[in-house]
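See below for the structure under consideration.
The values are calculated or read from the model by the stated rules, or taken from the named source; none is laboratory data. The structure presented is a predicted model; accordingly, all values stated were derived computationally and were not measured. Cβ sites come from the backbone with ideal geometry, for glycine too, and all protein chains shown count toward neighbours. To get the accessible areas, we keep the full protein, side chains included, count just its heavy atoms, and leave off ligands, DNA and RNA. Shrake-Rupley method; radii C 1.70, N 1.55, O 1.52, S 1.80 Å.
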Number of protein chains: 2
Amino acid sequence: MEGCGEDGQVKLLGMAYSPFVMRVRIALALKGIHYEFIEDDIENKSELLLQSNPVHKKIPVLIHNGKPVCESMIILQYIEEAWGNKAPNLMPKDPYDRAIARFWAAFIDDKFAASIRGVFTGVGEEQQKAVEESVASLLVLEEELSGKAYFGGDEIGLVDIALGGLLVAVQAIARITDSVLIDTLKMPLLSTWAHKFCKAEGVKEVSPDPAKLFEFMSEMRAKLTSPPAGN
Amino acid sequence: MEGCGEDGQVKLLGMAYSPFVMRVRIALALKGIHYEFIEDDIENKSELLLQSNPVHKKIPVLIHNGKPVCESMIILQYIEEAWGNKAPNLMPKDPYDRAIARFWAAFIDDKFAASIRGVFTGVGEEQQKAVEESVASLLVLEEELSGKAYFGGDEIGLVDIALGGLLVAVQAIARITDSVLIDTLKMPLLSTWAHKFCKAEGVKEVSPDPAKLFEFMSEMRAKLTSPPAGN
């Protein structure tokens, strides 16, 4: 993909396996924005990353005509506003519907992503608690999906991308930790949604290979939960 | 204050001493939006609050023509978008500048407010660590203020309200815990900003009385840090 043209010069600092980077790649793909993907090394962060996000030093960072935007949900809103003339709209036009979209996006980050992290990094009772919290959040989202194809209505929108970007990682975490997270019986709407989302145009092209992500995350979890070396 | 008229019917569920409610009251005051303030009791939450914010069950909730909007930073953006024709603008028009405003607002919530909570509820080493984190965040904000009267430029904007809403509480927490947070010598810009912000039209009218807030928060901290009763 080219990083220049009518969209301006667009670069994305990221990592193919990061679910937060995935969110940004989905939004860029849906809007058909060409960009240069610059893979960063979290163990050895690049000078460009440190300069572009000196406060958090985290990916993803979108660099548009030399100016960096950080934090995945802020980047999504930036993409929507900077390329507002490009279909599809990632957010509704009505102020109330926009507030509702922001509410669910924040819920996914503050509640669901936080507890999923606990499932991934935790062990024993602590992990069990994180599984219960994750399931509770998913059940709230199941209810919110009622009567709709996507959280955004008929089309993929901000909330779909917020949750959908995490999907492949959530599925890997469920397998690695032998947990039931998106339960087909208890969450029929969310299960259908997940299936449809993963196959959607703009999503499937940028999704990491589930087998490779599983392997990568299994190694990561093994490192995180192994007892410290030495004496 | 009336809750109806050309602005529609506007109600705010809140508590006079909540810094997050304060953010919303400042934004409503700056835009000159009339509203009915409904004081809620956090110890005994109203049916209206539970119905309006069933997910988090927290104040503030803005109810506009019967429709609830939750979470202070989402409410601020809603106010800006729903009453976009009312001066002053709380957010810049340029998409990049908007992303930057959202970045700092998120920094204030995710980093600063989280560590300030630790100062208020913590004791000993844990509290000391929270003080150090709070000061580190404030120093980052001091740098961001460089060359500007307000975070928003010449006028109060989203970031000013995000931080400014917390100010009276931060000052009370500093006194209660005998901590130095906004250090005049190390943070001259932030100190000047804080002074100016508190005296600004639209802010001073809705600020809680510092002495009463101090008393209220002192009692709260005493409850939080006292050893559990009974055996």
The range B:115-130 residues that are part of a helix (DSSP H, G or I), paired with ones that are charged (D, E, K, R) (beta carbon under 6 Å, 6 or more apart): B:115/B:133
Test result for residue B:80, within 18 Å of the chain's Cα centre (by Cα), of a type outside the set (S, T, N, Q) and on the phi > 0 side of the Ramachandran plot: no
Condition met for residue A:207 (of a type outside the set (A, V, I, L, M), under 16 Å from the mean Cα position of the chain (by Cα) and open to solvent by 20 Å² or more (accessible area, probe 1.4 Å)): yes
Counted residues, the range B:119-143 - those being surrounded by fewer than 18 Cβ atoms within 10 Å (Cβ to Cβ) and either within 13 Å of chain A (Cβ to nearest Cβ) or not aliphatic (A, V, I, L, M) (or both): 13
When residues of the range B:150-163 are limited to those that are modelled with pLDDT of 95 or more and of a type in the set (Gly, Ala, Ser), the one nearest to residue B:106 (Cα to Cα): B:162
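Within the range A:82-90, is even one residue free of Cβ contacts under 8 Å to residues at least 12 places away in the same chain and of a type in the set (A, V, I, L, M)?
No, that holds for no residue.
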Qualifying residue in the range A:89-100 (condition: closer than 20 Å to residue A:189 by Cβ and open to solvent by less than 30 Å² (accessible area, probe 1.4 Å)): no
Options B:20, B:37: the member that is away from chain A (no Cβ under 13 Å), farther than 20 Å from residue A:102 by Cα and open to solvent by 10 Å² or more (accessible area, probe 1.4 Å): B:37
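Could you count how many residues in the range B:80-100 are in a helix (DSSP H, G or I) and either within 9 Å of chain A (Cβ to nearest Cβ) or touching a strand residue (DSSP E or B) at 6+ places or on another chain (Cβ under 7 Å) (or both)?
The total comes to 8.
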Residue in the range B:114-126 that is out of contact with any helix residue (DSSP H, G or I) (no Cβ under 8 Å at 6 or more places or on another chain) and on the phi > 0 side of the Ramachandran plot present: yes
Count of the range A:52-62 residues which are touching a residue at least 12 places away in the same chain (Cβ under 8 Å) and open to solvent by 10 Å² or more (accessible area, probe 1.4 Å): 6
Lone unmet requirement of (1) closer than 13 Å to residue B:165 by Cβ; (2) of a type outside the set (A, V, I, L, M, F, W, C); (3) out of contact with any Asp or Glu (no Cβ under 8 Å at 6 or more places or on another chain) for residue B:66: (1)
Test: residue in the range B:160-177 that is touching a strand residue (DSSP E or B) at 6+ places or on another chain (Cβ under 6 Å) and in contact (Cβ under 8 Å) with a residue 60 or more places away in the chain: no
Any hit, the range A:184-198, residues being closer than 18 Å to residue A:108 by Cβ and in contact with a Ser or Thr (Cβ under 6 Å, 6 or more places away or on another chain): yes
Residue A:112 vs. criteria at pLDDT 95 or above, surrounded by 20 or more Cβ atoms within 10 Å (Cβ to Cβ) and within 8 Å of chain B (Cβ to nearest Cβ): no
Flag for residue B:183 being touching a helix residue (DSSP H, G or I) at 6+ places or on another chain (Cβ under 8 Å), modelled with pLDDT under 95 and surrounded by fewer than 17 Cβ atoms within 10 Å (Cβ to Cβ): yes
Those helices (runs of 4 or more DSSP H) lying entirely in the range B:137-231 with at least 3 residues touching a Pro at 6+ places or on another chain (Cβ under 8 Å): B:167-177
Filter result for residue B:30 (at pLDDT 95 or above and open to solvent by 10 Å² or more (accessible area, probe 1.4 Å)): yes
Flag for residue A:47 being open to solvent by 20 Å² or more (accessible area, probe 1.4 Å), among the acidic types (Asp, Glu), out of contact with any Leu (no Cβ under 6 Å at 6 or more places or on another chain) and within 13 Å of residue B:100 (Cα to Cα): no
The range B:63-79, residues that are among the hydroxyl-bearing types (Ser, Thr, Tyr) and in contact with a strand residue (DSSP E or B) (Cβ under 8 Å, 6 or more places away or on another chain): B:78
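Residue under question is residue A:160, and the condition is that it be under 15 Å from the mean Cα position of the chain (by Cα), of a type in the set (Asp, Glu) and open to solvent by less than 70 Å² (accessible area, probe 1.4 Å); does it hold?
Here the answer is yes, as residue A:160 does meet what is asked.
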Test result for residue B:52, among the polar types (S, T, N, Q) and touching a strand residue (DSSP E or B) at 6+ places or on another chain (Cβ under 8 Å): yes
Count of the range B:63-78 residues which are crowded, with 23+ Cβ neighbours inside 10 Å and either more than 9 Å from every other protein chain (Cβ to nearest Cβ) or part of a loop (DSSP other than H, G, I, E, B) (or both): 3
